[in-house]
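Notes to accompany the following structure.
The values are calculated or read from the model by the stated rules, or taken from the named source; none is laboratory data. Owing to the predicted nature of the structure, the values given are computational and were not obtained by experimental measurement. Here the Cβ positions follow ideal geometry from the backbone for every residue, glycine too, while neighbour counts run over all protein chains shown.
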Amino acid sequence: MVMLCYGWKERSMSEGQATSLRAGAARQLANTTKTVPQWEGITPRWFLRLLPWVDLESGTYRVNRVRVVGGTFERVGTRVDGEQAYLDPASMRSIPLLRNLNEDVLQELAAQFNTQQVPPGTPIIVQGDHTDRFYIIARGKVEVWTTSPSGSRISLAILRDGDYFGETAILTGEPRTANVEALTPTLVLSLQRSALISLLEEPGIRDTLEAAVAERSAGRREAAAEVTLSSDDEGVITQTYADYEQRPREYVLNAIQAIMRLDTTIVDRFASPYDQLQQQTRLTVEAAKERQEWEMLNNPGFGLIHNVAPSMRIPTRGGPPTPDDFDELLSMVWKEPAFFIAHPRAVAAFGRECTLRGVPPPTMNMFGSPFLTWRGVPLVPVDKLPVDFSGGAPTSPVLLMRVGQDRQGVVGLHQSDIGDTDTPSLSIRFNGVDTRGIANYLLSLYFSIAVLTDDAVGMLENAEIGRYHDHGSK
């Protein structure tokens, strides 16, 4: 009997037959555990999660402010063609000295600016000199500095494309009060004082220019209420009031929309283990939220990057984002700063600069994830911030903000009574079935973002994110 079994087994194996049930056949009787559709494009969307949201009553949000006295700072528009730079005459009105001149005069002046190339480390203005030129930076970066009583070099400002300096001295004839030195290869446009002589002789022009100089000296200020301290019983009580802007900015909710299409026969037949309508809706909503975060940062009209006040924008000192640059941002947004946001590559670049200086930033946990911090303020990675490759070296901005309506910061805007979903301001409406049995659903996500005061957000511009350091081998 043993011999017979052995012979049967040998014969079966020689004929290629299995000795037991194979996996392929067994799977026909087994259920497969499945996942919902996975999409790599879904991100944590930290910015949307950290931003406080204001619930609107009827889709419009008005930001009332105290009236500003004096002109606001703006940069001059320039165009560079090779090694030659050109001015946009209309944008010259951003210079207080030239703001009230008519268009013909501005065009005449623009034609008299000369282009000058300045190598790094070269002084453009020397403190105490009586140079007779006014400068506009077309491309590059310069440092304004002076010397302390102890002989130390004191940095006053870093200027970049569109910034200007020296316009007051060419009108008053006073000596220069600081040094200006090129930090990078710099292209500047300069205007000699002699070009203004003919203007100064025209009736009313000198008064206009002198008034502009006085306005620049006074600076930008708010028309806030003024109070005084009375040291005795006979003191006069100050009479005052706070004036308001007459045309405050209004933000209207924007909408991201899509028409979601589903074949009703597919929805009916393939409904288990996952509901097809539910999964299609989930993926479409995720796509809308990803687009929402991008628009809130980059939209040319209401996006945060385009609504940072010019006076709250600074360049990096040396290219990559350094601890010194982050400290400079903190000195600007010093009233209850909430968090930095930066592209993940910019976060890595900052980490490399900290490592180079031997000051690795500590981390903190939020939402169960670790975040780098600087001076106790978290640095939040957001991949929706742009990376610019047009200048050769990749660059990206870094933002620091104060948030919340009660802190006069940055707030998100939505209207929670729209729709009946768990997501505020999200509406999903059934839009009928066509003759082919395709059901249509209109998805609308309403939102906006508002900056309540200029000092609520600062931006480090054009931070280089591709620089690495060779620390040597141990």
> Would you call Pro344 out of contact with any Cys (no Cβ under 7 Å at 6 or more places or on another chain) and either within 23 Å of Thr43 (Cβ to Cβ) or at pLDDT below 95 (or both)?
Replying inline: yes
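Return yes when Gln107 is in contact (Cβ under 8 Å) with a residue 12 or more places away in the chain, in contact with a helix residue (DSSP H, G or I) (Cβ under 6 Å, 6 or more places away or on another chain) and assigned to a helix (DSSP H, G or I) and no when it is not.
Details: in contact (Cβ under 8 Å) with a residue 12 or more places away in the chain: yes; in contact with a helix residue (DSSP H, G or I) (Cβ under 6 Å, 6 or more places away or on another chain): yes; assigned to a helix (DSSP H, G or I): yes.
Here the answer is yes, as Gln107 does meet what is asked.
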> Does Asp470 qualify as being in contact with a Pro (Cβ under 7 Å, 6 or more places away or on another chain) and either modelled with pLDDT under 95 or assigned to a loop (DSSP other than H, G, I, E, B) (or both)?
Replying inline: no
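Name the residue, out of Leu426, Leu452, Leu460, Leu442, that is touching a Ser or Thr at 6+ places or on another chain (Cβ under 7 Å) and either surrounded by fewer than 18 Cβ atoms within 10 Å (Cβ to Cβ) or assigned by TED's automatic domain parsing to the domain that holds Thr355 (or both). Step through it out loud before you land on a result.
Working: Leu426 fails: touching a Ser or Thr at 6+ places or on another chain (Cβ under 7 Å); Leu452 fails: touching a Ser or Thr at 6+ places or on another chain (Cβ under 7 Å); Leu442 fails: touching a Ser or Thr at 6+ places or on another chain (Cβ under 7 Å).
Going through Leu426, Leu452, Leu460, Leu442 in turn, the sole match is Leu460.
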> Residues Arg407, Arg345, Arg429, Arg352: which one is in a loop (DSSP other than H, G, I, E, B) and either in contact (Cβ under 8 Å) with a residue 12 or more places away in the chain or more than 21 Å from the chain's Cα centre (by Cα) (or both)?
Replying inline: Arg407
> Can you pull out the residues in the stretch 256-282 that are out of contact with any strand residue (DSSP E or B) (no Cβ under 9 Å at 6 or more places or on another chain) and either touching a residue at least 24 places away in the same chain (Cβ under 8 Å) or assigned to a loop (DSSP other than H, G, I, E, B) (or both)?
Replying inline: Thr265, Phe270, Ala271, Ser272, Pro273, Tyr274, Asp275, Gln279, Arg282
